[in-house]
Amino acid sequence: DGLKKKEFSSIELTQSFLSRIRHYDPQLNSFVTVTEEPALQQAKAADEAIARGSAGALTGVPIAQKDIFCTKGVKTSCGSKMLDNFIAPYDATVVERFKQAGSVMLGKLNMDEFAMGSSNETSYFGPVRNPWDTDTVPGGSSGGSAASVAARLTPGATGTDTGGSIRQPASFCGITGLKPTYGLVSRWGMIAFASSLDQGGPMARTAEDCALMLQVMAGFDEKDSTSVDRPVPNYSASLDENLEGLRIGLPKEFFDEGLDSDIARLIDEAIGEYRKLGATVKPVSLPNMKLSVPAYYIVAPAECSSNLARYDGVRFGYRCKDPKDLHDLYMRSRGEGFGEEVKRRILVGTYALSAGYYDAYYLKAQKIRRLISDDFKRAFEEVDVIMGPTSPSVAFRLGEKTADPIAMYLSDIYTIAVNLAGLPGMSIPIGFSKNLPVGMQIIGNYFSEARLLNVAHRYQ
Ligand code: GLN
(Lines give C-alpha, C1' and ligand atoms only; values in the text may rest on other atoms or scores of the structure.)
Protein backbone atom coordinates (compact mmCIF):
# COMPACT_ATOMS: atom_id res chain seq x y z
CA ASP A 1 0.00 0.00 0.00
CA GLY A 2 1.92 3.00 -1.30
CA LEU A 3 5.34 3.74 0.03
CA LYS A 4 4.57 3.36 3.69
CA LYS A 5 4.09 -0.20 4.86
CA LYS A 6 7.07 -2.48 4.57
CA GLU A 7 5.76 -6.01 4.41
CA PHE A 8 8.59 -7.17 2.12
CA SER A 9 12.31 -6.87 2.39
CA SER A 10 13.78 -4.08 0.31
CA ILE A 11 15.62 -6.65 -1.81
CA GLU A 12 12.32 -8.37 -2.66
CA LEU A 13 10.62 -5.07 -3.36
CA THR A 14 13.48 -3.85 -5.53
CA GLN A 15 13.65 -7.13 -7.45
CA SER A 16 9.94 -7.01 -8.07
CA PHE A 17 10.07 -3.48 -9.52
CA LEU A 18 13.18 -4.30 -11.57
CA SER A 19 11.40 -7.28 -13.08
CA ARG A 20 8.35 -5.14 -13.92
CA ILE A 21 10.70 -2.63 -15.58
CA ARG A 22 12.31 -5.43 -17.64
CA HIS A 23 8.91 -6.73 -18.64
CA TYR A 24 6.96 -3.54 -19.41
CA ASP A 25 9.45 -0.79 -20.12
CA PRO A 26 10.52 -1.96 -23.58
CA GLN A 27 7.01 -0.88 -24.61
CA LEU A 28 6.79 2.32 -22.54
CA ASN A 29 10.37 3.65 -22.81
CA SER A 30 10.08 5.46 -19.49
CA PHE A 31 13.64 4.69 -18.32
CA VAL A 32 16.82 5.98 -19.98
CA THR A 33 19.02 4.05 -17.55
CA VAL A 34 18.19 1.21 -15.14
CA THR A 35 20.73 0.96 -12.31
CA GLU A 36 20.07 -2.64 -11.39
CA GLU A 37 23.28 -3.60 -9.53
CA PRO A 38 23.61 -0.45 -7.41
CA ALA A 39 19.89 -0.67 -6.63
CA LEU A 40 20.26 -4.18 -5.24
CA GLN A 41 23.26 -3.09 -3.16
CA GLN A 42 21.29 -0.14 -1.77
CA ALA A 43 18.40 -2.48 -1.00
CA LYS A 44 20.73 -4.81 0.89
CA ALA A 45 22.09 -1.91 2.93
CA ALA A 46 18.54 -0.74 3.61
CA ASP A 47 17.49 -4.18 4.85
CA GLU A 48 20.48 -4.12 7.22
CA ALA A 49 19.49 -0.66 8.47
CA ILE A 50 15.92 -1.86 9.04
CA ALA A 51 17.22 -4.89 10.95
CA ARG A 52 19.36 -2.55 13.09
CA GLY A 53 16.24 -0.50 13.82
CA SER A 54 17.67 2.64 12.24
CA ALA A 55 15.23 3.12 9.38
CA GLY A 56 13.29 6.16 8.24
CA ALA A 57 10.00 6.30 6.31
CA LEU A 58 11.68 5.77 2.93
CA THR A 59 14.45 3.36 3.94
CA GLY A 60 14.49 0.57 1.38
CA VAL A 61 11.74 2.11 -0.73
CA PRO A 62 12.57 2.24 -4.45
CA ILE A 63 12.24 5.51 -6.34
CA ALA A 64 13.46 6.68 -9.74
CA GLN A 65 15.00 10.02 -10.68
CA LYS A 66 14.13 12.20 -13.65
CA ASP A 67 17.23 12.28 -15.83
CA ILE A 68 17.63 16.03 -15.16
CA PHE A 69 19.05 15.34 -11.67
CA CYS A 70 22.81 14.71 -11.59
CA THR A 71 23.72 11.28 -10.26
CA LYS A 72 27.31 10.51 -9.37
CA GLY A 73 28.75 7.79 -11.61
CA VAL A 74 25.49 7.33 -13.54
CA LYS A 75 24.69 8.91 -16.92
CA THR A 76 22.69 12.15 -16.64
CA SER A 77 21.43 12.89 -20.15
CA CYS A 78 18.65 15.45 -19.61
CA GLY A 79 16.98 13.74 -22.57
CA SER A 80 19.62 15.15 -24.93
CA LYS A 81 22.26 13.89 -27.33
CA MET A 82 24.34 16.76 -25.91
CA LEU A 83 24.66 14.93 -22.57
CA ASP A 84 24.37 11.32 -23.78
CA ASN A 85 28.01 10.82 -22.73
CA PHE A 86 27.81 12.81 -19.48
CA ILE A 87 28.50 10.97 -16.25
CA ALA A 88 27.96 13.45 -13.45
CA PRO A 89 30.84 13.65 -10.97
CA TYR A 90 28.45 14.51 -8.12
CA ASP A 91 24.89 13.97 -6.85
CA ALA A 92 22.21 16.65 -6.98
CA THR A 93 21.05 17.69 -3.51
CA VAL A 94 17.72 15.94 -4.15
CA VAL A 95 19.50 12.70 -5.10
CA GLU A 96 21.83 13.00 -2.13
CA ARG A 97 18.87 13.43 0.24
CA PHE A 98 17.08 10.34 -1.08
CA LYS A 99 20.33 8.41 -0.62
CA GLN A 100 20.63 9.66 2.93
CA ALA A 101 17.03 8.64 3.58
CA GLY A 102 18.04 5.11 2.57
CA SER A 103 15.80 4.88 -0.49
CA VAL A 104 16.81 2.75 -3.45
CA MET A 105 17.36 4.35 -6.88
CA LEU A 106 15.98 2.14 -9.65
CA GLY A 107 17.29 4.33 -12.45
CA LYS A 108 16.92 7.51 -14.48
CA LEU A 109 13.75 8.52 -16.26
CA ASN A 110 13.12 9.68 -19.79
CA MET A 111 12.04 13.29 -20.35
CA ASP A 112 11.70 15.97 -23.00
CA GLU A 113 15.08 17.32 -24.07
CA PHE A 114 16.26 19.78 -21.37
CA ALA A 115 12.65 19.64 -20.05
CA MET A 116 11.37 21.57 -23.08
CA GLY A 117 8.12 20.01 -24.17
CA SER A 118 4.69 18.85 -23.08
CA SER A 119 4.54 15.35 -24.55
CA ASN A 120 7.94 13.72 -24.06
CA GLU A 121 8.35 13.65 -27.84
CA THR A 122 11.41 15.95 -27.88
CA SER A 123 13.57 13.37 -26.05
CA TYR A 124 16.69 12.19 -27.87
CA PHE A 125 15.83 8.72 -26.51
CA GLY A 126 12.47 8.57 -28.22
CA PRO A 127 8.98 9.22 -26.94
CA VAL A 128 7.51 7.68 -23.78
CA ARG A 129 4.12 6.01 -24.15
CA ASN A 130 1.17 6.53 -21.85
CA PRO A 131 0.44 3.21 -20.08
CA TRP A 132 -3.34 3.87 -20.27
CA ASP A 133 -3.20 3.91 -24.07
CA THR A 134 0.17 3.43 -25.71
CA ASP A 135 -0.86 5.43 -28.78
CA THR A 136 -1.10 8.54 -26.61
CA VAL A 137 1.57 10.70 -24.98
CA PRO A 138 2.27 10.64 -21.22
CA GLY A 139 2.60 14.44 -21.16
CA GLY A 140 5.83 16.21 -20.45
CA SER A 141 8.39 17.11 -19.71
CA SER A 142 8.36 14.63 -16.78
CA GLY A 143 6.71 11.99 -19.00
CA GLY A 144 9.00 9.13 -17.98
CA SER A 145 8.31 9.91 -14.32
CA ALA A 146 4.52 9.91 -14.78
CA ALA A 147 4.41 6.82 -17.01
CA SER A 148 6.70 4.77 -14.75
CA VAL A 149 4.60 5.52 -11.66
CA ALA A 150 1.32 4.90 -13.51
CA ALA A 151 2.61 1.53 -14.79
CA ARG A 152 3.80 0.60 -11.28
CA LEU A 153 7.41 0.37 -12.41
CA THR A 154 8.34 2.47 -9.38
CA PRO A 155 6.31 3.61 -6.36
CA GLY A 156 7.51 7.19 -6.75
CA ALA A 157 9.54 9.40 -9.05
CA THR A 158 11.02 12.86 -9.02
CA GLY A 159 9.94 15.41 -11.59
CA THR A 160 10.62 19.05 -12.36
CA ASP A 161 8.12 21.74 -13.22
CA THR A 162 9.14 24.92 -15.06
CA GLY A 163 5.78 25.50 -16.71
CA GLY A 164 3.64 22.50 -15.79
CA SER A 165 5.98 19.57 -16.28
CA ILE A 166 5.02 17.77 -13.06
CA ARG A 167 1.31 18.58 -13.06
CA GLN A 168 0.41 18.03 -16.73
CA PRO A 169 2.02 14.56 -17.05
CA ALA A 170 0.58 13.58 -13.64
CA SER A 171 -2.82 14.52 -15.04
CA PHE A 172 -2.32 12.62 -18.33
CA CYS A 173 -1.18 9.47 -16.51
CA GLY A 174 -3.66 9.48 -13.63
CA ILE A 175 -1.20 10.01 -10.79
CA THR A 176 -0.53 12.69 -8.16
CA GLY A 177 2.18 15.31 -8.61
CA LEU A 178 3.25 18.34 -6.62
CA LYS A 179 5.15 21.40 -7.82
CA PRO A 180 6.44 23.08 -4.64
CA THR A 181 6.82 26.78 -3.90
CA TYR A 182 9.84 28.17 -5.74
CA GLY A 183 12.79 27.84 -3.37
CA LEU A 184 11.48 24.95 -1.25
CA VAL A 185 13.39 22.19 -3.06
CA SER A 186 17.06 22.70 -3.89
CA ARG A 187 17.95 23.16 -7.55
CA TRP A 188 21.60 22.27 -6.96
CA GLY A 189 22.60 19.56 -9.42
CA MET A 190 19.29 19.84 -11.24
CA ILE A 191 20.20 20.76 -14.80
CA ALA A 192 19.00 24.32 -15.41
CA PHE A 193 16.38 25.20 -18.02
CA ALA A 194 14.82 28.48 -16.79
CA SER A 195 16.32 29.09 -13.37
CA SER A 196 13.70 31.53 -12.05
CA LEU A 197 10.92 28.99 -12.77
CA ASP A 198 12.49 25.52 -12.35
CA GLN A 199 11.36 23.55 -9.30
CA GLY A 200 11.71 19.85 -8.47
CA GLY A 201 8.92 17.90 -6.81
CA PRO A 202 7.45 14.46 -6.10
CA MET A 203 5.26 12.30 -8.36
CA ALA A 204 3.53 9.24 -6.91
CA ARG A 205 0.21 7.45 -6.75
CA THR A 206 -1.20 9.45 -3.85
CA ALA A 207 -0.81 12.64 -1.85
CA GLU A 208 0.23 10.44 1.08
CA ASP A 209 3.20 9.14 -0.91
CA CYS A 210 4.01 12.63 -2.23
CA ALA A 211 4.13 13.88 1.38
CA LEU A 212 6.74 11.25 2.28
CA MET A 213 8.83 12.17 -0.74
CA LEU A 214 8.54 15.93 -0.24
CA GLN A 215 9.69 15.48 3.35
CA VAL A 216 12.98 14.17 1.97
CA MET A 217 13.28 16.71 -0.86
CA ALA A 218 12.33 19.97 0.88
CA GLY A 219 14.56 22.21 2.93
CA PHE A 220 17.32 24.77 2.87
CA ASP A 221 20.45 24.14 0.85
CA GLU A 222 23.30 26.62 1.02
CA LYS A 223 24.45 25.45 -2.43
CA ASP A 224 21.33 26.94 -4.08
CA SER A 225 21.25 30.74 -3.77
CA THR A 226 17.45 30.81 -4.20
CA SER A 227 16.82 28.12 -1.57
CA VAL A 228 14.59 29.41 1.22
CA ASP A 229 15.72 28.97 4.80
CA ARG A 230 12.62 28.16 6.85
CA PRO A 231 11.49 25.19 8.90
CA VAL A 232 9.98 22.26 6.98
CA PRO A 233 6.68 21.06 8.48
CA ASN A 234 5.79 17.40 8.91
CA TYR A 235 3.78 16.89 5.73
CA SER A 236 2.34 13.50 6.74
CA ALA A 237 1.09 14.74 10.12
CA SER A 238 -1.61 17.04 8.71
CA LEU A 239 -2.94 14.83 5.90
CA ASP A 240 -6.17 13.98 7.72
CA GLU A 241 -7.02 17.46 8.94
CA ASN A 242 -10.61 18.57 8.72
CA LEU A 243 -11.63 20.62 5.67
CA GLU A 244 -14.57 22.29 7.39
CA GLY A 245 -14.60 25.94 6.32
CA LEU A 246 -11.98 25.52 3.58
CA ARG A 247 -12.52 28.33 1.07
CA ILE A 248 -12.11 27.14 -2.52
CA GLY A 249 -11.71 29.69 -5.29
CA LEU A 250 -12.76 28.90 -8.86
CA PRO A 251 -11.17 31.33 -11.31
CA LYS A 252 -13.60 32.04 -14.13
CA GLU A 253 -10.66 32.14 -16.57
CA PHE A 254 -10.11 28.39 -15.91
CA PHE A 255 -13.55 27.44 -17.16
CA ASP A 256 -13.77 29.18 -20.53
CA GLU A 257 -14.60 27.73 -23.95
CA GLY A 258 -11.14 26.14 -24.29
CA LEU A 259 -11.95 23.51 -21.65
CA ASP A 260 -13.22 20.05 -22.63
CA SER A 261 -16.80 19.58 -21.35
CA ASP A 262 -16.12 16.15 -19.78
CA ILE A 263 -13.24 17.64 -17.79
CA ALA A 264 -15.42 20.56 -16.68
CA ARG A 265 -18.08 18.08 -15.47
CA LEU A 266 -15.57 15.94 -13.54
CA ILE A 267 -14.15 19.02 -11.81
CA ASP A 268 -17.64 20.04 -10.89
CA GLU A 269 -18.22 16.62 -9.33
CA ALA A 270 -14.93 16.79 -7.41
CA ILE A 271 -15.84 20.24 -6.07
CA GLY A 272 -19.17 18.71 -4.96
CA GLU A 273 -17.20 16.19 -2.87
CA TYR A 274 -15.31 19.03 -1.21
CA ARG A 275 -18.57 20.79 -0.40
CA LYS A 276 -19.67 17.61 1.35
CA LEU A 277 -16.46 17.79 3.39
CA GLY A 278 -17.44 21.27 4.54
CA ALA A 279 -15.71 23.49 2.00
CA THR A 280 -17.26 26.65 0.60
CA VAL A 281 -16.83 27.71 -3.01
CA LYS A 282 -16.35 31.18 -4.35
CA PRO A 283 -15.71 32.57 -7.83
CA VAL A 284 -12.43 34.47 -8.19
CA SER A 285 -10.73 36.14 -11.10
CA LEU A 286 -7.21 36.02 -12.45
CA PRO A 287 -7.59 38.65 -15.18
CA ASN A 288 -4.00 38.42 -16.44
CA MET A 289 -4.01 34.61 -16.78
CA LYS A 290 -4.37 34.93 -20.55
CA LEU A 291 -0.96 36.60 -20.72
CA SER A 292 0.82 33.76 -18.97
CA VAL A 293 1.68 31.65 -22.02
CA PRO A 294 3.08 34.60 -24.05
CA ALA A 295 5.04 35.90 -21.02
CA TYR A 296 6.39 32.41 -20.26
CA TYR A 297 7.55 31.92 -23.85
CA ILE A 298 9.75 35.01 -23.50
CA VAL A 299 11.07 34.43 -19.96
CA ALA A 300 11.74 30.68 -20.29
CA PRO A 301 13.56 30.85 -23.66
CA ALA A 302 15.53 33.92 -22.51
CA GLU A 303 16.81 32.08 -19.44
CA CYS A 304 17.36 28.88 -21.42
CA SER A 305 19.47 30.69 -24.03
CA SER A 306 21.73 31.84 -21.23
CA ASN A 307 21.79 28.54 -19.30
CA LEU A 308 22.47 26.42 -22.37
CA ALA A 309 25.41 28.59 -23.48
CA ARG A 310 27.61 26.30 -21.34
CA TYR A 311 27.24 23.40 -23.79
CA ASP A 312 30.12 24.36 -26.03
CA GLY A 313 31.71 20.98 -26.75
CA VAL A 314 34.81 21.91 -24.74
CA ARG A 315 34.63 20.76 -21.14
CA PHE A 316 31.91 18.11 -21.15
CA GLY A 317 29.07 16.84 -23.27
CA TYR A 318 28.91 16.15 -26.99
CA ARG A 319 31.80 17.24 -29.21
CA CYS A 320 31.63 17.15 -33.01
CA LYS A 321 34.14 15.09 -35.02
CA ASP A 322 37.30 16.76 -36.40
CA PRO A 323 36.58 20.44 -35.77
CA LYS A 324 38.46 22.76 -38.15
CA ASP A 325 38.88 25.52 -35.58
CA LEU A 326 37.29 26.78 -32.36
CA HIS A 327 34.34 28.39 -34.10
CA ASP A 328 33.61 25.21 -36.05
CA LEU A 329 33.83 23.25 -32.77
CA TYR A 330 31.17 25.45 -31.13
CA MET A 331 28.93 25.60 -34.17
CA ARG A 332 28.86 21.91 -35.02
CA SER A 333 28.86 20.60 -31.42
CA ARG A 334 25.78 22.68 -30.67
CA GLY A 335 24.23 22.15 -34.09
CA GLU A 336 24.56 18.37 -33.86
CA GLY A 337 24.04 18.00 -30.09
CA PHE A 338 20.77 19.92 -29.63
CA GLY A 339 17.38 18.92 -31.00
CA GLU A 340 14.93 21.10 -32.89
CA GLU A 341 12.82 22.37 -29.95
CA VAL A 342 15.90 23.30 -27.92
CA LYS A 343 17.31 25.24 -30.88
CA ARG A 344 13.98 27.03 -31.34
CA ARG A 345 14.05 28.15 -27.68
CA ILE A 346 17.69 29.30 -27.88
CA LEU A 347 16.90 31.35 -30.99
CA VAL A 348 13.78 32.94 -29.46
CA GLY A 349 15.59 33.68 -26.18
CA THR A 350 18.67 35.14 -27.83
CA TYR A 351 16.47 37.36 -29.99
CA ALA A 352 14.40 38.54 -27.02
CA LEU A 353 17.53 39.48 -25.07
CA SER A 354 19.26 41.27 -27.97
CA ALA A 355 20.19 44.93 -27.67
CA GLY A 356 17.22 47.07 -28.60
CA TYR A 357 14.65 44.31 -27.94
CA TYR A 358 15.11 43.83 -24.22
CA ASP A 359 12.56 46.48 -23.19
CA ALA A 360 10.00 45.35 -25.74
CA TYR A 361 10.10 41.67 -24.80
CA TYR A 362 11.94 40.55 -21.69
CA LEU A 363 11.18 43.59 -19.54
CA LYS A 364 7.54 43.55 -20.63
CA ALA A 365 7.26 39.83 -19.84
CA GLN A 366 8.70 40.49 -16.36
CA LYS A 367 6.07 43.18 -15.80
CA ILE A 368 3.32 40.77 -16.83
CA ARG A 369 4.78 38.27 -14.41
CA ARG A 370 4.29 40.75 -11.59
CA LEU A 371 0.67 41.37 -12.66
CA ILE A 372 0.01 37.63 -12.58
CA SER A 373 1.50 37.31 -9.06
CA ASP A 374 -0.69 40.22 -7.96
CA ASP A 375 -3.79 38.47 -9.37
CA PHE A 376 -3.04 35.43 -7.21
CA LYS A 377 -2.24 37.61 -4.20
CA ARG A 378 -5.65 39.25 -4.46
CA ALA A 379 -7.39 35.89 -4.88
CA PHE A 380 -5.64 34.41 -1.83
CA GLU A 381 -6.97 37.26 0.31
CA GLU A 382 -10.38 35.67 -0.19
CA VAL A 383 -9.78 31.93 -0.56
CA ASP A 384 -7.43 29.25 0.80
CA VAL A 385 -6.94 27.20 -2.36
CA ILE A 386 -7.75 27.59 -6.03
CA MET A 387 -9.07 24.65 -8.02
CA GLY A 388 -9.40 24.08 -11.73
CA PRO A 389 -8.28 21.87 -14.58
CA THR A 390 -4.64 20.84 -14.92
CA SER A 391 -4.79 20.66 -18.71
CA PRO A 392 -7.49 21.60 -21.27
CA SER A 393 -7.66 18.02 -22.62
CA VAL A 394 -6.80 14.43 -21.79
CA ALA A 395 -3.64 12.83 -23.22
CA PHE A 396 -3.41 13.43 -26.96
CA ARG A 397 -2.12 11.04 -29.60
CA LEU A 398 1.58 10.64 -30.33
CA GLY A 399 2.51 12.96 -33.20
CA GLU A 400 -0.74 14.92 -32.97
CA LYS A 401 0.87 18.22 -31.98
CA THR A 402 4.50 17.78 -33.02
CA ALA A 403 4.16 19.89 -36.18
CA ASP A 404 2.49 22.78 -34.34
CA PRO A 405 4.57 24.22 -31.47
CA ILE A 406 1.85 26.74 -30.52
CA ALA A 407 -0.78 23.99 -30.10
CA MET A 408 1.74 22.11 -27.94
CA TYR A 409 2.47 25.22 -25.84
CA LEU A 410 -1.25 25.71 -25.18
CA SER A 411 -1.54 22.39 -23.36
CA ASP A 412 0.12 24.20 -20.43
CA ILE A 413 -2.31 27.09 -20.39
CA TYR A 414 -3.60 26.33 -16.85
CA THR A 415 -0.26 25.49 -15.24
CA ILE A 416 2.19 28.17 -16.37
CA ALA A 417 0.82 31.11 -14.34
CA VAL A 418 1.64 29.18 -11.15
CA ASN A 419 5.32 28.99 -12.13
CA LEU A 420 5.45 32.67 -13.09
CA ALA A 421 4.14 33.50 -9.60
CA GLY A 422 6.36 30.88 -7.85
CA LEU A 423 3.36 29.27 -6.12
CA PRO A 424 2.84 25.59 -5.21
CA GLY A 425 0.41 23.52 -7.26
CA MET A 426 -0.73 19.91 -7.41
CA SER A 427 -2.52 17.67 -9.84
CA ILE A 428 -4.69 14.84 -8.51
CA PRO A 429 -6.60 12.20 -10.49
CA ILE A 430 -10.38 12.75 -10.44
CA GLY A 431 -11.75 10.38 -13.08
CA PHE A 432 -11.70 9.38 -16.72
CA SER A 433 -12.83 10.83 -20.01
CA LYS A 434 -12.63 8.76 -23.21
CA ASN A 435 -10.96 6.03 -21.10
CA LEU A 436 -8.08 8.37 -20.24
CA PRO A 437 -7.28 9.90 -16.83
CA VAL A 438 -8.33 13.44 -15.92
CA GLY A 439 -6.46 15.53 -13.37
CA MET A 440 -7.58 18.45 -11.24
CA GLN A 441 -5.23 21.22 -10.23
CA ILE A 442 -5.08 22.58 -6.68
CA ILE A 443 -3.09 25.79 -6.21
CA GLY A 444 -2.12 27.24 -2.85
CA ASN A 445 -0.42 30.28 -1.41
CA TYR A 446 3.36 30.33 -0.86
CA PHE A 447 4.62 27.43 1.31
CA SER A 448 1.15 25.93 1.76
CA GLU A 449 2.29 22.45 0.63
CA ALA A 450 1.06 20.83 3.86
CA ARG A 451 -2.42 22.25 3.25
CA LEU A 452 -2.41 21.20 -0.44
CA LEU A 453 -1.41 17.64 0.48
CA ASN A 454 -4.12 17.59 3.16
CA VAL A 455 -6.75 18.83 0.66
CA ALA A 456 -5.63 16.27 -1.94
CA HIS A 457 -5.50 13.44 0.60
CA ARG A 458 -9.01 14.03 1.91
CA TYR A 459 -10.36 13.52 -1.62
CA GLN A 460 -8.30 10.37 -2.21
N1 GLN B 1 5.84 22.51 -21.57
C2 GLN B 1 6.52 23.66 -21.08
C3 GLN B 1 7.73 23.93 -21.93
O4 GLN B 1 7.90 23.27 -22.89
C5 GLN B 1 6.93 23.44 -19.65
C6 GLN B 1 8.04 22.50 -19.50
C7 GLN B 1 8.47 22.31 -18.07
O8 GLN B 1 7.70 22.59 -17.13
N9 GLN B 1 9.70 21.87 -17.92
O10 GLN B 1 8.53 24.77 -21.65
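The table for this structure:
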| quantity | calculated |
| --- | --- |
| Segment 392-417, subset of a type outside the set (Phe, Trp, Tyr) and in contact with a strand residue (DSSP E or B) (Cβ under 6 Å, 6 or more places away or on another chain), residue surrounded by the most Cβ atoms within 10 Å (Cβ to Cβ) | Ala395 |
| Selection status of Tyr358, in contact with a helix residue (DSSP H, G or I) (Cβ under 9 Å, 6 or more places away or on another chain) and surrounded by fewer than 16 Cβ atoms within 10 Å (Cβ to Cβ) | yes |
| Within segment 118-145, considering residues that are buried (at least 24 other Cβ atoms within 10 Å of the Cβ), at negative phi and of a type in the set (S, T, N, Q), the one nearest to the chain's Cα centre (by Cα) | Ser142 |
| From the options Ala43, Ala57, Ala64, residue that is crowded, with 16+ Cβ neighbours inside 10 Å and modelled with pLDDT under 95 | Ala57 |
| Selection from segment 105-117 of residues that are part of a loop (DSSP other than H, G, I, E, B) and either near the ligand (Cβ under 9 Å from one of its atoms) or at positive phi (or both) | Met111, Asp112, Met116, Gly117 |
| Sole residue being in a loop (DSSP other than H, G, I, E, B) and of a type in the set (A, V, I, L, M, F, W, C), chosen from Ala49, Ala43, Ala64, Ala55 | Ala55 |
| Residue ranges of helices (runs of 4 or more DSSP H) in segment 287-368 with at least 2 members under 22 Å from Asp404 (Cβ atoms) | 292-307, 340-352 |
| Cross-chain or 6+ apart pairs with Cβ under 6 Å, segment 323-342 first and away from the ligand (no atom under 16 Å from the Cβ), then part of a helix (DSSP H, G or I) | Pro323/Leu329; Gly337/Lys81; Gly337/Met82 |
| Of residues in segment 146-180 being assigned to a loop (DSSP other than H, G, I, E, B), polar (S, T, N, Q) and within 11 Å of the ligand (Cβ to nearest atom), the one surrounded by the fewest Cβ atoms within 10 Å (Cβ to Cβ) | Thr162 |
| Any chance Gly189 is touching a residue at least 40 places away in the same chain (Cβ under 8 Å), surrounded by 21 or more Cβ atoms within 10 Å (Cβ to Cβ) and under 21 Å from Ser103 (Cα atoms) | yes |
| Those residues of segment 256-286 which are assigned to a loop (DSSP other than H, G, I, E, B) and at pLDDT 95 or above, in sequence order | Leu277, Gly278, Ala279, Ser285, Leu286 |
| Total residues in segment 393-426, condition over 21 Å from Leu178 (Cβ atoms) and either within 14 Å of the ligand (Cβ to nearest atom) or polar (S, T, N, Q) (or both) | 11 |
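The values are calculated or read from the model by the stated rules, or taken from the named source; none is laboratory data. Only a predicted model underlies this, so the values are computations on that prediction, with no experimental measurement involved. Note: ideal-geometry Cβ built from the backbone for every residue, glycine included; neighbour counts use all protein chains shown.
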